[in-house]
Amino acid sequence: MKRKVLVIAYYFPPMGFSGVQRTAKFVKYLVEFGWEPTVLTIRPKYYYAFDDVLLKEIEERGIRIIRTGSKDPTQKVFNQKKIKSDFFRKILNRISQTFFLPDNKRGWMRPALKEARKLLSSETFDIIFATAPPYTDFRIGAQLKKEFNVPLILDYRDAWLDDGLSFYPTPFHRWIVKSMERKVLHLSDKIVTYTRQIKEHILKNYPFIKQDEIVIIPHGYDEEDFNINFVPSKSPNKLRITYSGAFYDERTPKFFLKAVEQLFIERPDLENQMEFYFVGNFPKKYYKKIQKSKFKSSFNFTGYVDHKTNIQYLLDSDVLWLMIRHSKNPHLYATSKLFEYIGTGKPILACVPENGAAAMLLKDYGASFVVEPENVEEIKNKLIEIFDLFKKNQLPSGDKEFIQQFERKKLTQELVKIFQFTMRDEA
């Protein structure tokens, strides 16, 4: 007999970007381990990007998706596709973090609870699995745990309190958010997060949580996504470096672009031997600057593409570039994109905090070139080092044994074990 899990996820396909992939891949593979997931999510009107390929993967497995409306401002007021100014978007985020706690998705709580109550009143579920951000998802799960006493598992895709993008206009705002998180954690039966650093962050802020109540399941890559046939487009004599993903707030291409500009000024011979691809939405300000530059022919921009096309661009590259930069708690983060990069086995140029979670992972990966994200001179030197290795055909490859531990199906199997242990503890 199949076990049943109710998955609470505001962000879910057809929404795109890396924030949906962890949940979508868990759901995809749960069915192979005897679990029947039902996903409770929104009916998105507006979002930065949509990915029907990811949604098709879920629908082909016959997984039930229940969608509701949402009264949050991003769906009712702000058309996010039209908010093109980074400055304006940042102002709106500050306003929403001032007036909407814990986040501006709190307007989804009422319709989500209404639908979830119908489900839990008419069917038996073995687990509630809530994934965040947004942290409204956790509050929905906690309320359902109180009402129906179904074991609750929280999946932290980022830290909640004091994450890299949090903004508290007053100490009172921070106190409110910490109180919300404390209540949710008291009601949880198990906590999952993707880095040891976030686990330690939770333990430090909430001493009533025990070590064994938090389990680490990292982000990963889906091996099926890499089993694709395509005709390579790159020249074997030209080094191609690719960045995949979005830029926002402090995650900026500014320092990398300065390094490339300096490189081409000092080494004009490299201009026709290197090319840079940006796969995803690219900041308009920097795009215009590049178009006015004499080096513009070295840069290529694809715009947003679906997930499988994205993978193709990664595989059709020599080196992948990663950027992580947060002024607050930078050590906590290892973006989900990193794990997909790792899945390719290709060299990674990582502009990340030296002692952070990403840098530690990359050290074990092996095929990495790590540099502080704002160090223009050192980024330039790493580009030269990488080019020299490319010309000698000596670019490194990632450690295969290390890579395999991040395969999505294996990670889902680890999640299933947590489900089973949680049910046993409740029995």
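The values are calculated or read from the model by the stated rules, or taken from the named source; none is laboratory data. Keep in mind it's a predicted model, so treat the numbers as computed, not measured. Here the Cβ positions follow ideal geometry from the backbone for every residue, glycine too, while neighbour counts run over all protein chains shown. Heads up: the accessible areas ignore ligands, DNA and RNA and are worked out on the full protein's heavy atoms, side chains in. Shrake-Rupley method; radii C 1.70, N 1.55, O 1.52, S 1.80 Å.
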Where labels lie 7 Å past Cα in the beta-carbon direction, separation of Ser235 and Lys363 in nm: 3.9 nm
Set of aspartates and glutamates near Lys234 by C-alpha distance (under 16 Å), chain-local residues within fewer than 8 positions excluded: Glu271, Glu275, Asp316, Asp318
Accessible heavy-atom area order of Thr344, Thr242, highest first, probe of 1.4 Å: Thr344, Thr242
Gyration tensor (alpha-carbon) shape descriptor, the range 223-265, a/c threshold 1.5: oblate
Expected 222 nm ellipticity per residue - DSSP helices of 4 or more, -39500 (n - 2.57), all of the chain, to 500: -13000 deg cm²/dmol
Qualifying trypsin sites (Lys or Arg not before Pro) in the range 142-248, DSSP loop, other Cβ atoms within 10 Å at most 16: Lys210, Lys234, Lys238
Length gained when the stretch Glu374-Thr302 is fully extended (0.36 nm per residue, less Cα-Cα span): 23.4 nm
Cα-based Rg and Dmax for the chain, where Dmax is the largest Cα-Cα distance (Å): 21.9, 70
Solvent exposure, largest accessible area first (probe 1.4 Å, DNA, RNA and ligands not counted), of Met109, Met1, Met360, Met274: Met1, Met360, Met109, Met274
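Given R₀ = 22 Å, what would the calculated FRET efficiency be for Arg196 paired with Ile384, taking r from the Cβ atoms and rounding to 0.05?
It comes out at approximately 0.05.
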Ser121-Ile216 pseudo-label distance in nm [points 7 Å out on the Cα-to-Cβ vector]: 4.3 nm
Net charge contributed by nearby residues that have their C-beta within less than 14 Å of Phe138 (K/R +1, D/E -1): +3
Using θ = phi - 60° and Karplus 6.51 cos²θ - 1.76 cosθ + 1.60, couplings along the range 396-407 (whole Hz; Gly, Pro as x): x, 10, x, 5, 4, 5, 5, 4, 4, 5, 9, 5
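Send over a whole-number figure in Å² for the accessible area per residue of the chain, probe 1.4 Å.
Computed with neighbouring chains in place, this is 45 Å² per residue.
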Stokes-Einstein D for the range 285-379, Kirkwood Rh over Cα pairs, 37 °C, 0.692 mPa s (µm²/s): 223 µm²/s
Selection from Pro133, Pro347, Tyr168 lying farthest towards where the dipole of the chain points positive, charges on Cβ: Tyr168
For Tyr287, solvent-accessible area (1.4 Å; no DNA, RNA or ligand), Å²: 100 Å²
Tally of Lys pairs whose C-alpha atoms are under 15 Å apart, taken over the range 274-376, 8 or more apart or cross-chain: 7
Whichever aspartates and glutamates have a C-alpha closer than 12 Å to that of Lys2, once near sequence neighbours (fewer than 8 apart) are set aside: Glu32, Glu36, Asp126
Per-pair calculated FRET efficiency, R0 = 22 Å: Asn355 and Gln405 via Cβ, rounded to 0.05: 0.50
Rg and Dmax of the range 123-184, Cα atoms only, in Å: 13.0, 43
